[in-house]
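Enquirer: The structure that follows is given in the form of structure tokens.
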Amino acid sequence: MVKARLHVMSVFVDDQEKARGFYTDRLGFVVKHDIPLREYRWLTLVSSDAPDGVELLLEPDENPAAQDYTRALAEQGIPAASFAVEDVDAAYEELVAAGVTFLQAPTTGGPVRTAVLDDTCGNLVQLVSPV
């Protein structure tokens, strides 16, 4: 049996530079690769405490299918990605103080506590921590 593992996860964004700023300045990711590719970039981020971990690709949403997909998820309140944090409540307070918009305040659901924010680039992002 093939044993695959996560390597790169994509999030479609409407502006790569704005997304880079949000994900690094607000969520603490660090740039792994920033390689020019024609008019866009291969722009990946990683967790600051896992530099060799799964890369988050900030992928331009120029494809109409990507735009429709991203818009439909957001309209239905479905997060495009879910990121673990140590403490959802503390992250929520810090991010609200920094001006981040949340669509869902911290809520307990089974063994986890979640909150959902707007990444300013077309996506909803869920933060999650254990209860």
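The values are calculated or read from the model by the stated rules, or taken from the named source; none is laboratory data. Just so we're clear, the structure is a prediction, and the values are computed from it rather than from any experiment. Neighbour counts are summed over all protein chains in view; Cβ atoms, including those assigned to glycine, are modelled from backbone coordinates with ideal geometry. These area figures cover heavy atoms from the full protein model, side chains too; ligands, DNA and RNA do not enter into them. Shrake-Rupley method; radii C 1.70, N 1.55, O 1.52, S 1.80 Å.
Enquirer: Are there trypsin sites (Lys or Arg not before Pro) in segment 25-82 that DSSP marks as loop and that have at most 15 other Cβ atoms within 10 Å, and which are they? Walk me through the numbers before you get to the answer.
Expert: Values: sites: ARG26, LYS32, ARG38, ARG41, ARG71; in loops: ARG38.
Sparse-neighbourhood loop trypsin sites (Lys or Arg not before Pro): ARG38.
Enquirer: For the chain, with the dipole built from +1 on Lys and Arg beta-carbon atoms and -1 on Asp and Glu ones, taken about the Cα centre, which of TYR40, MET9, ALA74 lies farthest toward the positive end?
Expert: Positive-most Cα among the choices belongs to MET9.
Enquirer: Give me a comma-separated list of calculated 3J(HN,Hα) values for segment 112-118, in order, Karplus coefficients 6.51, -1.76, 1.60 applied at θ = phi - 60°, integers in Hz, x for any Gly or Pro.
Expert: Using θ = phi - 60°, the values come out as 10, 10, 10, 8, 10, 10, 9 Hz.
Enquirer: Moving on. If one puts a single equal scatterer on every Cα of segment 86-125 and applies the Debye formula without solvent, what log₁₀ I(q)/I(0) results at q = 0.14, 0.27 Å⁻¹?
Expert: -0.29, -0.93
Enquirer: Report, to the nearest whole %, how much of the accessible area of the chain belongs to carbon and sulfur atoms, 1.4 Å probe, protein only. Spell out each step's value before the answer.
Expert: On the way: 4170 of 7860 Å².
Here it works out to 53 percent.
Enquirer: Over the chain, average the accessible area per residue using a 1.4 Å probe and give it in Å², no decimals. List each step's numbers first, then the result.
Expert: Numbers: 7860 Å² over 131 residues.
The answer is 60 Å² per residue.
Enquirer: Hey, another quick one. How much of the pair distance distribution for segment 1-41 lies past 13 Å, counting alpha-carbon pairs only, in percent?
Expert: Working: 545 of 820 pairs.
Value for segment 1-41 (Cα pairs over 13 Å): 66 percent.
Enquirer: Report the longest stretch of the chain that contains none of the GluC sites (Glu not before Pro) sitting in a DSSP loop with at most 11 other Cβ atoms within 10 Å. All intermediate terms of the calculation are to be shown ahead of the outcome.
Expert: Working: sites that count: GLU39, GLU62, GLU86.
Between the exposed loop sites, the longest stretch runs 87-131.
Enquirer: To continue, here is another question. Can you figure out the FRET efficiency of GLU93 with ASP14, using R₀ = 30 Å and their beta-carbon distance, to the nearest 0.05?
Expert: Numbers: r = 27 Å, r/R0 = 0.91.
Working from the Cβ atoms, E equals 0.65.
Enquirer: Next up: Around ALA66, with a cut-off of 11 angstrom between Cβ atoms, what is the net charge of the other residues, counting Lys and Arg +1 and Asp and Glu -1? Walk me through the numbers before you get to the answer.
Expert: Numbers: positive: ARG71; negative: ASP14, GLU59, ASP61, GLU62, ASP68.
Local net charge: -4.
Enquirer: What percentages, rounded to whole numbers, describe P(r) for the chain computed over all alpha carbon pairs with 10 Å bin width beginning at zero?
Expert: In order of increasing distance, the bins hold 12, 41, 36, 10, 1 percent.
Enquirer: Above 17 Å lies some portion of the pair distances; for segment 44-101, what is it as a whole percent of all C-alpha pairs?
Expert: Working: 996 of 1653 pairs.
The answer is 60 percent, as a whole percent.
Enquirer: What are the residues whose amide H is under 5 Å from the amide H of ARG113, where those residues sit 5 or more places off or on another chain and H is modelled from the backbone?
Expert: Residues meeting the amide H criterion: SER129, VAL131.
Enquirer: Which semi-axis lengths, in whole Å and largest first, follow from the square roots of five times the eigenvalues of the Cα gyration tensor of segment 24-65? List each step's numbers first, then the result.
Expert: Values: eigenvalues 90, 26, 17 Å².
Semi-axes from the Cα gyration tensor: 21, 11, 9 Å.
Enquirer: Quick one: length gained pulling TYR40 to ALA84 fully straight, 0.36 nm per residue minus the C-alpha distance? Spell out each step's value before the answer.
Expert: On the way: separation 44, 0.36 × 44 = 15.84 nm, distance 2.82 nm.
Taking TYR40 through ALA84 to full extension adds about 13.0 nm, to one decimal.
Enquirer: On to the next question. Run the simple label-point estimate for SER48 and ASP25 please: 7 Å along Cα→C-beta, distance reported in nm.
Expert: 1.5 nm
Enquirer: Using only the Cα atoms of segment 61-131, what do you get for the radius of gyration and for Dmax, in Å?
Expert: 12.8, 39
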